[in-house]
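*Asks:* Input: one structure, supplied below.
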């Protein structure tokens, strides 16, 4: 064995030891972040099972003294859960379809079709992302009110079909990372823009679309301001507004509030768990695409 070979053999155990230490540190750091995110959910669940007068005892009870499962049935009945859930689901599904369709069409246009002013439109979309969303709240409300759309779902659904600058930017970047040879080959076979988009490119950007679906679902499901502005009738309330019924001017039923809030979070958790694989691969593909 040569001298260099012996030195290399001596270095191998130290390298393996260093790799083990790095792996342990990585898991420790990730676990600490995971705990900080799980603890609020655990606390919410435990509070939802307590009696209201035992929530603020000192020292606090991590495990409830009595498991009041009836809090969930009382909370769901009090907030008219089924009707609010159907309203929220209808708005969310429609908004996700509208955002996905409109942003895909716009992103395809500014990334694959050459027309005068294409870059200007793209920079205008980027610039609109810098404007606070609250700027247009009053004029948009006045516009929808003049159309007679108050106490309807239209002010919550129609804007979704007009696209989102951020989602359009993400999809545009994904399209820019796909070779134009696919378009040219399909065009030789007589395919038009819609055929190229929906039969060739959309299957290739499925992970990025799943990112849009998850983000749009969360944004629409958790929307509080717009339903508060436009939905004044109780039968039109979404879950985010219906949960507010548990908070009063002088007292709040925190156990019922937490029970309703825990049920309110479950659909979002289920959507993320089901689409998590696409979400992570979509973020990876977006990170690998350079700004063009």
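Laboratory data are not the source of any read-out in this text; all were calculated from the coordinates shown. For clarity, every value in this text was computed on a predicted model and none was experimentally measured. Here the Cβ is made from the backbone with ideal geometry for all residues, glycine too, and neighbour counts use every protein chain on show.
*Asks:* Let me know the shape class of the stretch 138-183, please: from the alpha-carbon gyration tensor, a ≥ b ≥ c as square roots of the eigenvalues, rounded when a/c is under 1.5, otherwise prolate if a/b is greater than b/c, or oblate. Don't skip to the answer; put the middle values down first.
*Replies:* Details: a/c = 4.94, a/b = 3.55, b/c = 1.39.
Judged from the Cα gyration tensor, the stretch 138-183 comes out prolate (a/c at least 1.5, a/b above b/c).
*Asks:* Defining a contact as two alpha carbons under 8 Å apart and six or more residues distant in sequence, what relative contact order in percent does the stretch 70-287 show?
*Replies:* About 36 percent, as a whole number.
*Asks:* Residue 277 versus residue 101, label points 7 Å from Cα toward the beta carbon: distance in nm?
*Replies:* Placing both labels 7 Å along Cα→Cβ, they lie 2.8 nm apart.
*Asks:* What does the C-alpha gyration tensor say about the overall shape of the chain? Classify as rounded when a/c is under 1.5, otherwise prolate if a/b is larger than b/c, or oblate.
*Replies:* The shape class here is oblate.
*Asks:* Return the distance in nm (one decimal) between the two label points of a simple spin-label model at residue 178 and residue 137, each offset 7 Å from Cα along Cα→Cβ.
*Replies:* 3.8
*Asks:* Starting from the Cα of residue 198, step 7 Å toward the Cβ, then list every residue of the stretch 130-168 with an amide N under 19 Å from that point.
*Replies:* Counting only backbone N, you get 161-163.
*Asks:* Further, regarding this structure: Given R₀ = 41 Å, FRET efficiency for residue 67-residue 26 by Cβ-Cβ distance, to 0.05?
*Replies:* Working: r = 37 Å, r/R0 = 0.90.
Efficiency at R0 = 41 Å is approximately 0.65.
*Asks:* Moving on. Rank by packing, highest mean first: peptides 129-135, 228-234, 103-109, with packing defined as the count of other Cβ atoms within 10 Å averaged across residues. Intermediate values should be presented prior to the final figure.
*Replies:* Working: 129-135: 8.6, 228-234: 14.9, 103-109: 22.1.
Output ranking for 129-135, 228-234, 103-109: 103-109, 228-234, 129-135.
*Asks:* Ordered by packing density, taken as the mean number of other Cβ atoms within 10 Å over each peptide's residues, highest first, how do 116-123, 95-102 rank?
*Replies:* 95-102, 116-123
*Asks:* Let me ask another. Could the peptides 57-63, 187-193, 79-85 be put in order, highest first, of the mean number of other beta-carbon atoms found within 10 Å of their residues?
*Replies:* 79-85, 187-193, 57-63
*Asks:* For residue 33 and residue 74, FRET efficiency with R0 = 41 Å and r from the beta-carbon atoms, rounded to 0.05? Can you show the working numbers first?
*Replies:* Details: r = 35 Å, r/R0 = 0.85.
Using R0 = 41 Å, I get an efficiency of 0.75.
*Asks:* Note down the nm distance, to one decimal, between modelled labels 7 Å out along Cα→Cβ at residue 222 and at residue 152.
*Replies:* 3.0
*Asks:* Here is a further query. Between residue 16 and residue 90, what length comes free when the chain is fully extended (0.36 nm per residue of separation minus the Cα-Cα distance, one decimal in nm)?
*Replies:* Stretched out fully, the residue 16 to residue 90 stretch lengthens by 21.2 nm.
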